[in-house]
Amino acid sequence: MTFPVYLGFGLFKLHPHFVFEVVAYGVAMGLLRRSVKSDAIPLSQRSSVVVGGLIGALVGAKILVLLQHVDLLGSDWRGWLLLGLQGKTVVGALLGGLIGVELTKKWIGLRRSTGDAFVFPLLVGTAIGRVGCFLTGLSDRTYGTVTTLPWGIDFGDGLPRHPTQLYEVGFLIILGLLLAWHRQRGLPSGRLFQLYLVGYLSFRFVVDFLKPDFQPLLGLSFIQLACLLGVAYGLRQLSRQTVTVS
């Protein structure tokens with residue numbers, strides 16, 4: 001397999017990252033529309049929450065990708081700015097979207113939990129997007145460190161690496177099945193999102209040790225530090241909800 005794996009035939013070939021990103025956004029938005037149909041939140045308020053979340057996700061994705069690659073600032077500041085324009089991080093988008101939603105809820109006076117409707121759209125959209133990351137190869141910067149394991153993938157530099165993108169796809173499938181099972185059992189409003197937040201960010205914190213990222217603080221990258229903050233927030237919300245229910 002030669003990376004990137006372009007999709008199409010002859011002259012009509014499209015970059016895999018573009019194709020899967022468009023599909024991921026389309027599928028996620030379609031699932032979100034289905035989720036909010038049975039939502040008790042008024043449409044006007046739900047629309048404001050979605051817009052606030054999207055703006056927060058965009059800002060968060062850009063800020064965190066710049067921090068993640070801040071080591072390039074001194075040696076290749078033009079490349080660093082270009083990375084900021086073109087790059088994005090799922091963790092930054094997730095946490096930025098969370099902040100955007102919470103700020104919007106305060107602005108419009110909405111106190112009800114709104115996160116559950118986003119869970120499965122996020123899971124499916126992220127999994128689809130990671131397939132595009134895998135097919136893109138080295139330029140996507142989501143590959144893993146060198147490994148001697150038999151499933152190591154040569155993304156184009158002659159070195160077998162952990163296919164961390166596929167690890168994430170597998171984890172998202174498992175997490176989705178577990179959350180679907182929990183949802184059938186009946187959960188208090190908001191808990192599904194909190195479980196998703198803690199589960200996904202915990203996975204990202206662990207799997208990012210397999211990535212050759214800049215790790216300036218205690219051997220941790222900025223993405224991992226953001227994951228720790230997100231997990232702490234999620235656990236705090238879960239504990240508060242447990243106390244309230246009991």
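Some points to look at:
- Shape call, the range 147-246: gyration tensor on alpha carbons, a/c limit 1.5: oblate
- Overall size of the range 120-198 from C-alpha positions, given as principal axis extents largest first: 50, 22, 15 Å.
- Given their separation in residues at 0.36 nm each and the Cα-Cα distance between them, residue 235 and residue 178 gain 18.8 nm when the chain is fully extended.
- Remark: spin-label model distance residue 75-residue 106 equals 4.0 nm, labels positioned 7 Å along the Cα→Cβ axis.
- Between the range 38-52 and the range 109-129, the alpha-carbon center distance in angstrom: 12 Å
- Where a label projected 7 Å from the Cα of residue 51 along Cα→Cβ would reach, residues of the range 102-116 with amide N under 16 Å: 102-110
- Local net charge near residue 32, Cβ-Cβ under 14 Å (Lys/Arg +1, Asp/Glu -1): +2
- Debye log10 I(q)/I(0) at q = 0.08, 0.12 Å⁻¹ for the chain, Cα point scatterers: -0.33, -0.74
- Charge dipole of the chain (Cα centre as origin; +1 on each Lys and Arg Cβ, -1 on each Asp and Glu Cβ, all else neutral): 1040 debye, rounded to the nearest 20.
- Neighbours of residue 87, meaning other residues whose beta-carbon lies under 11 angstrom from its beta-carbon, give a summed charge of +2 when Lys and Arg score +1 and Asp and Glu score -1.
- Relative to the dominant Cα principal axis of the chain, helix 90-108 is inclined by about 30°.
- With the convex hull drawn over the C-alpha atoms of the range 1-132, the volume per residue is 137 Å³.
- Ignoring lysines fewer than eight residues from residue 211 along the same chain, the ones with Cα atoms less than 21 angstrom from its Cα are 62, 88.
- Percent accessible area from carbon and sulfur atoms, the chain, protein chains only, probe 1.4 Å: 68 percent
The values are calculated or read from the model by the stated rules, or taken from the named source; none is laboratory data. Remember, it's a predicted structure, so these values are computed and weren't measured experimentally. Every residue, glycine as well, gets a Cβ built from its backbone with ideal geometry; the counts of neighbours run over all protein chains shown. Just so you know, the surface numbers come from the protein's heavy atoms only, side chains and all, with ligands and any DNA or RNA stripped out. Shrake-Rupley method; radii C 1.70, N 1.55, O 1.52, S 1.80 Å.
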